[in-house]
Number of protein chains: 2
Amino acid sequence: MSAEELLKEIKEYIIRNLPGNATITDVQFEGPEVVIYSKNPEIFSNTFIKEIAKVFKKRIAVRPDPSVLTDPETAKDKILEIVPEDAEITDCIFDVNTGEVIIESKKPGLVIGKEGRTLEEIKKAIKWAPKPVRTPPIPSETINAIRATLYRERAEIKEILRKIGRRIHRDVQLKGDVWVRVSFLGGAREVGRTCNYLQTPECRIVIDCGINIAVEGEKAFPHFDTPEFSIEEIDAVVVTHAHLDHCGFVPGLFRYGYDGPVYCSRPTRDLMTLLQKDYLEIAEKEGKIVPYTTKDIKKCVKHTIPIDYGVTTDIAPTVKLTLHNAGHILGSSIVHLHIGDGLFNIAYTGDIKFEASRLLEPAVCQFPRLEALIIESTYGGQEDILPDREKTEKEFLRIVSETIKRKGKVLIPVFGIGRAQELMLVLEEGYNQGIFNAPVYLDGMIWEATAIHTAYPEYLSKSIRDRILHEGDNPFLSEVFKKVKSTNNRRNIIDSDEPCIILTTSGMLTGGPSVEYFKALAGDERNSLIFVGYQAEGTLGRKVQKGWREIPITGKNGKSKVIKVNLEVHTLEGFSGHSDRRQLLKYLRKLKPMPEKILMVHGEASKCVDFASTAHKLFKKETRAPMNLDAVRVR
Amino acid sequence: MSAEELLKEIKEYIIRNLPGNATITDVQFEGPEVVIYSKNPEIFSNTFIKEIAKVFKKRIAVRPDPSVLTDPETAKDKILEIVPEDAEITDCIFDVNTGEVIIESKKPGLVIGKEGRTLEEIKKAIKWAPKPVRTPPIPSETINAIRATLYRERAEIKEILRKIGRRIHRDVQLKGDVWVRVSFLGGAREVGRTCNYLQTPECRIVIDCGINIAVEGEKAFPHFDTPEFSIEEIDAVVVTHAHLDHCGFVPGLFRYGYDGPVYCSRPTRDLMTLLQKDYLEIAEKEGKIVPYTTKDIKKCVKHTIPIDYGVTTDIAPTVKLTLHNAGHILGSSIVHLHIGDGLFNIAYTGDIKFEASRLLEPAVCQFPRLEALIIESTYGGQEDILPDREKTEKEFLRIVSETIKRKGKVLIPVFGIGRAQELMLVLEEGYNQGIFNAPVYLDGMIWEATAIHTAYPEYLSKSIRDRILHEGDNPFLSEVFKKVKSTNNRRNIIDSDEPCIILTTSGMLTGGPSVEYFKALAGDERNSLIFVGYQAEGTLGRKVQKGWREIPITGKNGKSKVIKVNLEVHTLEGFSGHSDRRQLLKYLRKLKPMPEKILMVHGEASKCVDFASTAHKLFKKETRAPMNLDAVRVR
Ligand SMILES: [Zn+2]
Ligand SMILES: [Zn+2]
Ligand SMILES: [Zn+2]
Ligand SMILES: [Zn+2]
Ligand SMILES: [Zn+2]
């Protein structure tokens, strides 16, 4: 059935079966959804919408016809009129494409009203569907900029969605012999430039498209010279999470002609935008070749279709996508693809943490069906047993407390997203328990990343979510955290005698404020430096970690000088966002159902190979550590 | 360097370095060769030609400028004038594209003359380069038709060769990171439709392109829906041997737009043309869909560049091809590819016999360099131990002799190429030794295939070659063999009381004269039937082999009747043209050098897997049994 025929059938079905008289003005594909526009959308009961969805096996949305919507300015006035002032409304965000208005307020209960009566009143008055949410505790520039883009470009975005919708629902002739294969364009037997290219006779799907920021030249980017790769043929791009080794090249795809959808969780969309912009800025500053511009990042945002965990979505004629929590960073997802009506199911873990952290729930390990799995292997080697998290936290707080006691400063160079927020939670608790008494300064990208975390409490661990939502006790807002607002501010912190903790980017001392802090604090033996992440060979961080006591550097005036390293240097491995070997094997053990084929990627060659061989012996399944440029048939 | 620049440099080099005054009229790429046309080609010494080849690393040929060649008719008269009549010249074949004339005679010594004086005289008189050969003992329609095509279409062929030459020598930018991968479009974990697609960043090469005649529909043909396959991008097609599971689809490539070279041995070119035509005839007769026509077979012939064993040839900018004897059937080759100046070497065995047969030498197992090997696995399973060849021959002759003694007829359904000629050699010896005394009738394609065998004595085993060339004692010409010339002739053989042996196609009683003989001879218990090849499930042969004593068939009038099977039924497995498991493992043991990667193909799934796993354990190398649609990176 062609897309047009399907729309016609749905329309006829509604007219035939809907009790009451719906004025339907349009039925359209918009991205993966079928959207019904009506002048009286309230006539569609949820039961009836679910019925249509079931009959046609499509995601269905019913929206008010734009002609009945009050114009946003008048509508906002109306809302402020209806809702009591005590609610403290901070913003009303109108989404023309969905007919929804997000009402941000400090007391969303007052926007809802008793038994939802206030909401009903709003809806009647302005026709927009009101969505009350709590005002995000920390404003995020990234989220605001994305919202502004989506609003400004709403007409173009609607066109994009309709084009995508028609492509997803295009007519294909299903043949008997359906094969499925995955080509590895990058990130196989290596970490960095992850790019998986899934192919069926009908479809082409890119899952992650990263860059390796640690190397220069061609090897920084995936193998786009893989013969089967064709940018014109891509049906969809799916992104597991915001780390650049998974999403760094996505805007580049748009630069080179891609014009289709990008599917990911909403936090991934925001965080990846933040990181892509940061990557461009740094690369430009360092005079490196950049494969795209901010224009391409914006294009990417406009083509992104956010997907909630657990919601199944058509992304190509025979392919359905479901995202599941991966436990790695905010919004990180396991990608589950269901190919050809129940025929074949494959999941790709992206990066996973199979253990509850303070910030996130552990990765999902149960799926309705599963024939093949692609799993990460960062810590898949025999020796890759990470220290216990609880002990690590204790050790961490001990170092902090002792340094503070001797009037020193604690410098923690850290990656902005994930680990920084995890440490904030540990520090907040330690501070509350009186283990130390000193301010925690947040510098670099950390504050903005934290803002995005607080905007999506539903993606955080249950305990943090509860604290944010129900108890009004948001740990990220603790008085112990101070944002470093300016270079001046930073200078003052460095120069002052006040003992303090400094959480700052970059994590490997390769640039950003952490280098500045290091230079200033290295000489004083009262200070401590704590590494909590991997230090790559060749970085300043690695040298310090290895125990260099004198480090030659080039000053701003071009002259070389020597930094004496007198501060205490510690390395704590137990905060990793990745599963260690035991957790990876436990993940396979708990996995339900157990797939017949398991492919190991995202790790040094020896770790992928070792993990594959161990898993083969333990679980008696076909396992493999593919190479870049291998195409592996999975069905 | 561009192709044009290279030609210019070669020309300048010759002018600068050739002693004497050569009149060069043209320097051109023709296929893989650089051809120098000169009005006085005799001035080029072999030493000088070798020097040019070495300096430029190209195959060099020097040919007379067409303007100096005597026209073929006058030239033929001249030859007959110069050569003594006793030589019995039977044909002069002029090849305008090479400036050569093949002089076929019964006594080639007389064409050569004392110390080559007669040859010299001919050359001086007509300018063509004379190549004296012995008149083929049996005329081959296939060879004559091919020669006629090549002569008639010589102008077009020269254009084809020049186009190919320019493509081979095109300018490519070699990057540092050269990868090599092989995609399996067919023949992986199966027998039939073999098709390997080798890719480098610059080149695409198809090695074998077969069909599976045992199945119908899509599965009969390779997976041309493999995403990286692109008919426009193919640089070269290489064919290992003439069996349809390796070459059956090659004319189809031309049908669908391929326009480049096909490399194979000269006997493979002739035998594959014979078999492709036969396939078309049978398929049309049975009303099956055929993927190409005789026009495409002709196109394929015109694009075929024959390669001798052991001669290294450029077939793409960074790829050199060498063919080596595979011991399987006449002209069957192991394909050795040398990629990117010494960088990487891969060999593909095609089908191999690693044991001397009466007809052929065993497969070559030593290569200058070898990093990866793709090997067949037809008999790679644990149980696949074939009976000893010598014992099999004895048993075979015993059955023949006993059947003849009791006045019976021996029916041997056999595949026309290879096994038929092998049995002819056994029968010829048995007849000479007086083990039986009865005629051997050859029906179906066998006679024509035998003619092609005798045209290429240099491809046969040393002992047979010596008999044919030096002793004038050609076993295929033995009086014991009688060609069945007509349906009438066949009828007479069946009706007569004379004991005899009948060697005839098809080998599985699926069509051809063998079915007719079987129907007529099945009822008489004095007769014997000997199966010497694999009988596929579902064929009449399989039923008889399994011991059915009553077989219902549909007669020509559409009525069904029952054939009573009273003749003796024997199966002899020891005549296989494939290596059995022991020979395959021995091949790997003798292989020099031992490659790091070995891929097992061309066998049932369990046999490929079992062979791969055994080889891995024995030789500690990476082995694998890829699937169709897998793309395996080998470097
Ligand atoms: Zn990650
Ligand atoms: Zn990663
Ligand atoms: Zn194993
Ligand atoms: Zn064969
Ligand atoms: Zn074969």
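All of the numbers you see were taken from the coordinates with simple rules; none came from a lab. Not measured: the values here are computed from a predicted model. For neighbour counting, all protein chains shown are included, and Cβ atoms are generated from backbone atoms with ideal geometry for every residue, glycine included.
Hull surface divided by four, with the convex hull built on the Cα atoms of segment A:389-575: how many nm²?
Across all orientations, segment A:389-575 yields a mean hull projection of 10.7 nm².
Can you give the helix-only mean residue ellipticity at 222 nm for chain B, where every DSSP H stretch with n ≥ 4 adds -39500 (n - 2.57) and the sum goes over all residues, rounded to the nearest 500 deg cm²/dmol? Please report the intermediate quantities before stating the final value.
Values: 20 runs with 216 residues, N = 635.
One gets -10000 deg cm²/dmol as the mean residue ellipticity at 222 nm.
Going by alpha carbons, how many degrees (0 to 90, nearest 10) lie between the helix axis of B:446-455 and the longest principal axis of chain B?
Once rounded, the angle reads 30 degrees.
Which far-off residues, 5 or more places away or on another chain, put their amide H under 5 Å from the one on residue B:319, with H placed in the peptide plane?
The answer is B:340.
Got a sec? How would A:627, B:1, A:508 order by Cβ neighbour count within 10 Å, fewest to most?
Final ranking by Cβ density, sparse to dense: B:1, A:627, A:508.
What is the protein assembly as shown by shape, rounded, prolate or oblate, if you read a ≥ b ≥ c off the alpha carbon gyration tensor as root eigenvalues and call it rounded for a/c under 1.5, prolate for a/b larger than b/c, and oblate otherwise?
It comes out prolate by the Cα gyration axes.
Which shape class applies to segment A:3-67: rounded if a/c is under 1.5, otherwise prolate when a/b exceeds b/c and oblate if not, where a ≥ b ≥ c are the square roots of the Cα gyration tensor eigenvalues?
rounded
Would you list A:206, B:601 from fewest to most Cβ contacts within 10 Å?
Ranked by crowding around the Cβ, least crowded first: A:206, B:601.
Given Cβ point charges of +1 (Lys, Arg) and -1 (Asp, Glu) and nothing else, what value in debye, to the nearest 20, does the dipole of segment A:71-135 about its Cα centre take?
Roughly 260 debye for segment A:71-135.
In nm, one decimal, shortest first: how far is the label point of residue A:477 (7 Å from Cα along Cα to beta carbon) from the matching points in the other copies?
10.6
Count the DSSP beta bridges whose two residues both fall in segment A:1-120, then state the antiparallel fraction as a percent rounded to the nearest 5. Please report the intermediate quantities before stating the final value.
Working: 12 of 18 bridges.
Among the beta bridges of segment A:1-120, antiparallel pairing accounts for roughly 65 percent.
Quick one: order A:128, A:179 by neighbouring beta-carbon count within 10 Å, fewest to most.
Ordered by Cβ neighbours within 10 Å, fewest first: A:179, A:128.
Report the FRET efficiency, 1/(1 + (r/R0)^6), for residue B:571 and residue B:341, where r is their Cβ-Cβ distance and R0 is 45 Å, rounded to 0.05.
Using R0 = 45 Å, I get an efficiency of 0.35.
So, by mean Cβ neighbours within 10 angstrom, what's the order for A:149-158, B:488-497, A:252-261 with the highest one leading?
Ranked by mean Cβ neighbours within 10 Å, highest first: A:252-261, A:149-158, B:488-497.
Can you give the extra length, in nm with one decimal, that the chain gains between residue A:286 and residue A:557 once fully stretched, where that is 0.36 nm per residue apart less the Cα-Cα distance? Intermediate values should be presented prior to the final figure.
On the way: separation 271, 0.36 × 271 = 97.56 nm, distance 1.68 nm.
Taking residue A:286 through residue A:557 to full extension adds about 95.9 nm, to one decimal.
Nearest 0.05, what FRET efficiency do residue A:405 and residue A:546 give at R0 = 25 Å with Cβ-Cβ as r?
0.35
Can you tell me the 0 to 90 degree angle between the C-alpha axis of helix B:154-168 and the longest principal axis of chain B, rounded to 10?
80
Can you list which of the trypsin sites (Lys or Arg not before Pro) found in segment A:524-619 are DSSP loop residues with at most 14 other C-beta atoms within 10 Å? Provide the component values of the computation, followed by the final result.
Details: sites: A:526, A:542, A:543, A:546, A:549, A:556, A:559, A:561, A:564, A:581, A:582, A:586, A:589, A:590, A:597, A:607, A:617; in loops: A:526, A:546, A:549, A:556, A:559.
Passing both the DSSP loop test and the Cβ count: A:546, A:549, A:556, A:559.
Would you compute, for the Cα atoms of chain B, the largest minus smallest coordinate along each principal axis and list the three values in descending order, in whole Å?
80, 63, 45
Out of all DSSP beta bridges with both ends in chain B, state the antiparallel percent to the nearest 5.
45
Report, for residue B:133, each distance to the same residue's label point in the other copies, shortest first and in nm; define the point 7 Å along Cα→Cβ.
Nearest first, the other copies' label points are 8.1 nm away.
Does segment A:150-189 come out rounded, prolate or oblate by the C-alpha gyration tensor, with a ≥ b ≥ c the root eigenvalues, rounded set by a/c under 1.5 and, if not, prolate when a/b is larger than b/c and oblate if not?
The shape class here is oblate.
If you count, for every residue in B:619-630, the Cβ atoms of partner chains within 10 Å of its Cβ, what is the mean?
Other-chain Cβ atoms within 10 Å of each residue's Cβ, averaged: 2.
Could you calculate the contour length gain from residue B:526 to residue B:308, that is, 0.36 nm times the residue separation minus the distance between their Cα atoms, to one decimal place in nm?
Numbers: separation 218, 0.36 × 218 = 78.48 nm, distance 4.74 nm.
Net length gain for the segment: 73.7 nm.
What gaps in nm, shortest first, separate residue A:9 from its twins in the other copies when you place the label 7 Å past Cα toward the beta carbon?
Ordered by increasing distance: 6.5 nm.
For segment A:560-635 and segment B:179-211, what is the separation of their C-alpha centers, rounded to whole Å?
32
Roughly how many whole Å is it from the C-alpha centroid of segment B:441-459 to that of segment A:234-254?
61
When the convex hull of the C-alpha atoms of segment A:84-151 is computed, what volume per residue in Å³ does it have?
78
Could you give the angle, 0 to 90 degrees to the nearest 10, between helix B:581-590's Cα long axis and the longest principal axis of the Cα atoms of chain B?
That works out to roughly 30 degrees.
As a quick test, which of the pairs A:57/A:163; A:621/B:607; B:219/B:483; A:320/A:617; A:592/B:607 have an alpha carbon distance above 27 angstrom in this structure? It would help to have the intermediate numbers written out before the result.
On the way: A:57/A:163 20 Å; A:621/B:607 19 Å; B:219/B:483 37 Å; A:320/A:617 32 Å; A:592/B:607 32 Å.
Pairs exceeding 27 Å: B:219/B:483; A:320/A:617; A:592/B:607.
Among the DSSP beta bridges whose two residues both lie in the protein assembly as shown, what percent are antiparallel, rounded to the nearest 5? Could you put the intermediate results ahead of the total?
Numbers: 91 of 193 bridges.
Beta bridges within the protein assembly as shown, antiparallel portion: roughly 45 percent.
Which GluC sites (Glu not before Pro) from segment A:447-505 combine a DSSP loop assignment with at most 11 other Cβ atoms within 10 Å?
Numbers: sites: A:448, A:458, A:471, A:479; in loops: A:471, A:479.
Here the sparse-neighbourhood loop sites are A:471, A:479.
Give the average, rounded to an integer, of partner chain Cβ atoms located within 10 angstrom of each Cβ in B:217-230.
Mean partner-chain Cβ count within 10 Å for B:217-230: 4.
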